[in-house]
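S.K.: Got a structure here, written out as structure tokens. Questions coming.
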Amino acid sequence: MPHITMYTTMICPYCSRARHLFQRKGVFFEEISVDRDREQMAIMRRRSRRHTVPQIFIDDRHIGGYDDLAMLDARGELDPLLVPSDAQETDARAADE
């Protein structure tokens, strides 16, 4: 499974929506609260070059915020990012054959 990291705050409604989307898909994600942690906020800003939450990463790929995540899902582009990398390689080999 890819590593999903989501930077959040406690009162953010978009963070709640992103949480629910991942939970609905049955995937585990690491949640890092930045509302009281200036160091984590600085890390989030460096990684994403944004200052709003949530900021979501799948492995090292910056997805963006909830709207970006929901758009990927609506286009059918999110689920392929959520499968283990071994399964992606197997699918790619099968398509080549």
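S.K.: Among the residues of segment 21-44, count how many are surrounded by 11 or more Cβ atoms within 10 Å (Cβ to Cβ), within 22 Å of LEU72 (Cα to Cα) and either without any contact (Cβ under 8 Å) to a residue 12 or more places away in the chain or more than 14 Å from the chain's Cα centre (by Cα) (or both).
M.R.: The number of residues fulfilling the criteria is 1.
S.K.: Here is a follow-up. Show the residue pairs that are 6+ apart or on different chains and have beta-carbon atoms under 6 Å apart, the first residue being within segment 58-86 and touching a residue at least 24 places away in the same chain (Cβ under 8 Å), the second being among the charged types (D, E, K, R).
M.R.: If the second residue must be among the charged types (D, E, K, R), the pairs left are TYR66/ARG17.
Each reported figure results from applying straightforward, stated rules to the coordinates on display, with no laboratory input. Being a predicted model, the structure only gives us computed values, none of them experimental. Because the Cβ atoms are built from the backbone with ideal geometry, glycine has one as well, and the counts that use them run over all protein chains shown.
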